[in-house]
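Read the figures in this text as sums done on the coordinates, not as results from a lab. These numbers were taken from a predicted model, which means no experiment stands behind them. We place every Cβ from the backbone using ideal geometry, glycine too, and count neighbours over all the protein chains shown.
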Ligand SMILES: Nc1ncnc2c1ncn2[C@@H]1O[C@H](COP(=O)(O)OP(=O)(O)OP(=O)(O)O)[C@@H](O)[C@H]1O
Ligand SMILES: O=C(O)[C@@H]1CCC(=O)N(CCc2ccc(Cl)cc2)[C@H]1c1ccccc1Cl
């Protein structure tokens, strides 16, 4: 049962011995169960390879981490956070799913959904910017995925187009949970247990230990810069930056270096290019708000006029992705 709640091994195998005694055990996969293919990308501590399961011919992305490098760089904590968050986020189409973990003497392996469409950032760079229809669709899928994460007590903390991957049907697959914040299980007494940002700035704050992580400069929220506290609303700040960037082709806060970018964020120093769509502008203005508790909560974002007519829930994920032109 332990492995089930960890969610890491999704398969089970049944073995019946001579005496007819059947035991059900989690499937233990290993390197030899896969044919490794092309390199999909490299991280600071990882290499991600395409791989095929030799039994069911399913294709996966396998993230390989070198143990010595992880230990040397003191990143063991991030490995455990990535595993724990992925084990919590197992029931949503917009989140890269973890199927198995295994290891050998040199490496750790995470067997993940293959997102063969690459990064949203790559598509955005190629097109320059998105039209309203594409921004609505990708905004909706990202928001739906963030809402699910928050309902499971996970704050991503580094949302950005680079971490929004695309699957073979060009639907969203959010990745990179090594720097996420896992909230203690929601307290029953009056806390906002639906996972909605209660706007309470200490909601998910890392009050128990010094925050060592700050996200990517352009998407970092003011509260993280000011009080070193990330909360669910910090992901909604990043979401606002992403909506702006999809339509404008650049993020709202970008300066010559990180320090100047942080100054712009803390001063809310940004402006909209001419022709920026009115409805989107109104939405972004309600998200890029310095006080986390004054940001539009998820349910209000879903009913904002920018998303008028959007089908939320399962049909969002069943519809065809709009052609990116
Ligand atoms: N599930 C996946 N499917 C397809 N490609 C992936 C998948 N996960 C990661 N990649 C690609 O592999 C590359 C490395 O990803 P990885 O998460 O290992 O490191 P990273 O988070 O990008 O880098 P860093 O660790 O420095 O932040 C990325 O460019 C990403 O686009
Ligand atoms: O939680 C798990 O899935 C197992 C549990 C047993 C185990 O030993 N590991 C590896 C722990 C670990 C983490 C970092 C380094 Cl550098 C070395 C070992 C975990 C592991 C195995 C493979 C891939 C990732 C992880 Cl966290």
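Does the chain come out rounded, prolate or oblate, given a ≥ b ≥ c as the square roots of the eigenvalues of its C-alpha gyration tensor, rounded meaning a/c under 1.5 and, failing that, prolate meaning a/b above b/c?
It comes out prolate by the Cα gyration axes.
Starting from 0.36 nm per residue, how many nanometres of slack lie between residue 290 and residue 127 once their C-alpha separation is accounted for?
Extra length from residue 290 to residue 127 when fully extended: 55.6 nm.
Let me check against my output: what whole-number percent is the relative contact order of the chain, with C-alpha pairs under 8 Å and at least 6 apart?
That works out to 15 percent.
Which angle from 0 to 90°, rounded to the nearest 10, does the C-alpha axis of helix 278-287 make with the longest principal axis of the chain?
Between helix and principal axis, roughly 70 degrees.
Report the residues of the range 83-119 in range of a label on residue 25: point 7 Å along Cα→C-beta, backbone N strictly under 18 Å from it.
Only 100-104 pass the distance filter.
Ranked highest first by the average count of other Cβ atoms within 10 Å around their residues, in what order do 73-81, 105-113 fall?
My ranking of the peptides, most packed first, is 105-113, 73-81.
Taking only the Cα atoms of the range 253-313, how large is their convex hull per residue, in Å³?
Normalising the Cα hull of the range 253-313 by residue number yields 111 Å³.
Roughly what angle does helix 76-88 make with the longest principal axis of the chain, taking Cα atoms, 0 to 90 degrees, to the nearest 10?
In the chain, helix 76-88 runs at an angle near 90 degrees to the longest axis.
Could the peptides 93-103, 277-287, 40-50 be put in order, highest first, of the mean number of other beta-carbon atoms found within 10 Å of their residues?
With the highest mean Cβ count within 10 Å placed first, the list reads 93-103, 277-287, 40-50.
From Cα pairs below 8 angstrom and at least 6 apart in sequence, can you work out the relative contact order of the range 1-157, rounded to a whole percent?
Value for the range 1-157: 19 percent.
Working from Cα positions, state the angle (0 to 90°, nearest 10) between the long axis of helix 232-248 and the longest principal axis of the chain.
70 degrees
Before rounding to the nearest 500, sum -39500 (n - 2.57) across all DSSP H runs of length at least 4 in the chain and divide by the residue total; then give [θ] at 222 nm in deg cm²/dmol.
Roughly -9000 deg cm²/dmol at 222 nm, from the helical runs in the chain.
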